[in-house]
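No value in this document is a laboratory result; all are computed from the given coordinates. On a predicted model such as this, the values are computed, not experimentally measured, just so you know. Counting neighbours? That spans all protein chains shown, and the Cβs are built from the backbone with ideal geometry, glycine included.
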Amino acid sequence: ENRMRILVACGAAGGISATFNAPITGVFFGVEIVLREFSIDAMFTVLLAAMLADITAIPFLGDRPFLHGLPPGIALHHPRNYLLVAVLAVVAGLIGLVFKNVVYKMEDLWDLAWKNRPEWARPAIGGIALGLVLLALPQMYGVGYPVMYKAVAGDYVLWFLLVLAAGKILACSLTLGIGGSGGVFAPSLFVGVTSGMAFGEIAGHIFGPGAGQPALYAVVAMGAVFTSAARAPLTSVASVVEMTGDYALTLPVMLAVA
């Protein structure tokens, strides 16, 4: 059983590493989320799996940061803005808790409504509800990376950023509730970017240019929302830094995640 758990962690680490070109994130994901414990034996094999997976994927997918569509030069330019990052962390933490609870509640509601009915028909009927959400908000189709890039570029107004964040929570919860396959990693990044960008816009309206770039808060909130939803702080820090390729974000991300 112990070896089986380590192999599962190796598979998860390799998948994350190869998909996102983020081997350190893959290691932390396998150990922190799958194993839930640190041991030397497991660490060695998970490290090996993440490294080999990334080496295998790079010739096919390239070696650039996964979130290469984000604007360059995102930085926290003044130490006082760490106070705003701390406030954002509380907000993002609450959003992450809402996200997690909505996912579980949605699954419970579908289980309650669907008992003693054929399981194969559940995604067909539930797909109607999900389809209505997608018709109303087509930005929810797929994972949503192009939508994230547009949000950080400032292409959406404040109220619509909040609609996007709520819409992703609803669409993800519906997908999982009706029996679809998926997780909360990528949706957490989406919710974090849109809600963090909204926070940055509000901070800019209140404090002016001194609040800094709204994109900074969008990127920081990615890690904070996922941390709150999955209770995986090391994975969150590594994912934001590796996927953006911007190590200048390490300190504000660490603060928000903590």
| task | Return the whole-Å distance between the Cα centroid of region 120-142 and the Cα centroid of region 4-67. | result | 32 Å
| message | Around LEU137, under 15 Å between beta carbons, what's the net of Lys plus Arg minus Asp minus Glu among the other residues? | response | +2
| query | Rounded to whole Å and sorted largest first, what semi-axes of the equivalent ellipsoid does the C-alpha gyration tensor of region 111-242 yield via the square root of 5 times each eigenvalue? | reply | 31, 17, 11
| Farthest toward the dipole's positive end in the chain, which of PRO72, LEU158, VAL34, given Cβ charges of +1 (Lys, Arg) and -1 (Asp, Glu) about the Cα centre? | LEU158
| message | Sequence gap at least 6, Cα distance under 8 Å: using those rules, report the relative contact order of region 52-177 to the nearest whole percent. | response | 42 percent
| note | Over the chain, the sum of -39500 (n - 2.57) across DSSP H runs of at least four, divided by residue number and rounded to 500 deg cm²/dmol, gives at 222 nm -24000 deg cm²/dmol
| Regarding region 1-82, what whole-number volume in Å³ per residue does the convex hull of its Cα atoms give? | 114 Å³
| query | Of VAL133, VAL219, VAL240, which is the most mobile in a GNM of the chain whose springs link Cα atoms less than 10 angstrom apart? | reply | VAL133
| Interatomic Cα distance distribution for the chain, bins of 5 angstrom, percent | 1, 6, 13, 16, 17, 16, 14, 10, 5, 2, 1, 0
| query | With the contact rule set at Cα under 8 Å and sequence spacing of 6 or more, what percent relative contact order holds for the chain? | reply | 25 percent
| If you add up the charges near SER188, with Lys and Arg at +1 and Asp and Glu at -1, over every other residue whose beta carbon is less than 10 angstrom from its beta carbon, what do you get? | +2
